[in-house]
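Okay, so here's the structure we're looking at.
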Amino acid sequence: MLIFLFIVTIFSTANVYFFLKISAILNSGTAVNVFIGTVILFMALSPVLIPVYSHKGTDRAVTIFSYAGYLWLAFLVPFFSIGVLLDLYNVVIKYSGLFIEGDINSFTLTTTTAFLVSFMLSVAILIYGYFEAKNVRVERLVMRTHKLPAGTGKIRVAQISDLHLGVIVRESLLNRVIKIIDRESPDIIVSTGDLLDGITRHVDHLAARLGEMQAGLGKYAVFGNHEIYGGIKKTAQFIKDAGFTLLRGKGVTVKSSITIAGVDFTGGEARRHRKISPPATEHKILSGLPSDLYTILLKHRSDIEEESIGLFDLQLSGHSHKGQIFPMSLATMFLFSYHTGFHRLKKGSAIYTSRGTGTAGPPIRVLSTPEITIIDIVPE
């Protein structure tokens, strides 16, 4: 909820900033300002209206509307950041003249120049980010342990997270993901939440495509916040149709060689659903698993419960997207203790936070390349 409020605040401020800048350049009077303000207000509200419209609009109309709204959001992130930096540059030049002899005001940027520089750089970043979002990388992690039973060789786990299948992310990215996973031949496939972007109406058919991914020791998934947005019953059915075992507050032992536990997303968005969520605590779930087997905990958000440390060997998480669009990552790194990558914890536990495989909202990533994580658990 905190990150949602942060994004809304920044996005709202950026819309007002854009309006003030373009109004100052055009200087065309009240009527034009009202028209521009109305258009910007509509664009500002469009990301909020997309989930509502998705329930009723045609597939084509929802896709066009979604791209327009989300790309506007993605455009404003660099535009606002660059614009503010140029404004600060002008302020520095202006007040430096009080201490430096000679006229340096010629180095200041005009309002029009600053706007055009911000606009063109933002468009360039948007184009770059569109292609970066398609460049799914494989990140590799090797975990050595004495907990694998004698005679058990390497166990390979493929982690996808935050794929966000929906109006924006569809067959194109999914086919790329499936191809990579098939090439890696994992023993286990896990989804650490937000497999779906919300409602399943536009992507029900993709469950069968996901079902084609094979793993000898099974496929396991947990709920993220976006599965909650789409309705628990429908999204749970989609995940099961895709061949995943949904772990909602429980753990399983896989062929007497490894244990996997999973918990629901427990952020503010989940509060109204807690009556139908499993009541068992994370600590209780983990305590009931064999302590002599390697234990993986699937948890969408990368927060750590202190009392659970030592009861799991590796927590796999996502949710942060590493900010998805720079410079948002400069803010999200303060919102998440384990923002991205691998971290050792106490008592032999560790956590790996994925940057995510798809995109939430805008189909854009800047300095946050999407990933599929391959974890090799090998005997020590």
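The values are calculated or read from the model by the stated rules, or taken from the named source; none is laboratory data. Fair warning: this is a prediction, and the values are worked out from it, not measured in the lab. No Cβ is skipped: glycine too gets one built from the backbone with ideal geometry, and neighbour counts run over all protein chains shown.
See the values below:
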quantity	calculated
Residue check for Thr200: modelled with pLDDT under 90 and of a type in the set (S, T, N, Q)	yes
When residues of the stretch 168-179 are limited to those that are in contact with a Lys or Arg (Cβ under 9 Å, 6 or more places away or on another chain) and touching a residue at least 40 places away in the same chain (Cβ under 8 Å), the one surrounded by the fewest Cβ atoms within 10 Å (Cβ to Cβ)	Arg176
Gly198 crowded, with 21+ Cβ neighbours inside 10 Å and among the small types (Gly, Ala, Ser)	yes
Tabulated pairs, the stretch 251-263, first over 23 Å from Glu227 (Cβ atoms), second of a type in the set (Phe, Trp, Tyr), C-beta under 7 angstrom, 6+ apart or interchain	Ile258/Tyr294
Any hit, the stretch 49-58, residues being closer than 17 Å to Ile325 by Cα, in contact with a helix residue (DSSP H, G or I) (Cβ under 8 Å, 6 or more places away or on another chain) and in a helix (DSSP H, G or I)	no
Among (1) at pLDDT 90 or above; (2) buried (at least 18 other Cβ atoms within 10 Å of the Cβ) - the single one Ser291 does not satisfy	(2)
The stretch 21-37 residues that are within 22 Å of Leu85 (Cα to Cα), paired with ones that are small (Gly, Ala, Ser) and part of a helix (DSSP H, G or I) (beta carbon under 7 Å, 6 or more apart)	Lys21/Gly83
Failed criterion for Ala158 (all others in (1) closer than 21 Å to Val254 by Cα; (2) out of contact with any helix residue (DSSP H, G or I) (no Cβ under 6 Å at 6 or more places or on another chain) hold)	(2)
Those strands (runs of 3 or more DSSP E) lying entirely in the stretch 270-380 with at least 2 residues closer than 16 Å to Ile258 by Cα and over 23 Å from the mean Cα position of the chain (by Cα)	294-301, 371-379
Matching option when the condition is β-branched (Val, Ile, Thr), closer than 25 Å to His321 by Cβ and part of a helix (DSSP H, G or I), among Ile40, Ile93, Ile25, Ile64	Ile64
Tally of residues being of a type outside the set (Lys, Arg) and in a loop (DSSP other than H, G, I, E, B) across the stretch 134-182	16
The stretch 199-213 residues that are farther than 13 Å from Glu171 by Cβ and not assigned by TED's automatic domain parsing to the domain that holds Arg60, paired with ones that are at pLDDT below 85 and in a helix (DSSP H, G or I) (beta carbon under 6 Å, 6 or more apart)	Ile199/Ser54
Qualifying residue in the stretch 312-325 (condition: modelled with pLDDT under 95, aromatic (Phe, Trp, Tyr) and touching a strand residue (DSSP E or B) at 6+ places or on another chain (Cβ under 8 Å))	no
Residues within the stretch 133-153 that are crowded, with 16+ Cβ neighbours inside 10 Å and either within 17 Å of the chain's Cα centre (by Cα) or among the aromatic types (Phe, Trp, Tyr) (or both), tallied	3
Residues of the stretch 211-250 classified as modelled with pLDDT of 95 or more and in a strand (DSSP E or B), total	5
Close pairs from the stretch 118-136: first free of Cβ contacts under 8 Å to residues at least 40 places away in the same chain, partner of a type in the set (A, V, I, L, M) and not in a helix (DSSP H, G or I), Cβ under 6 Å, at least 6 apart	none
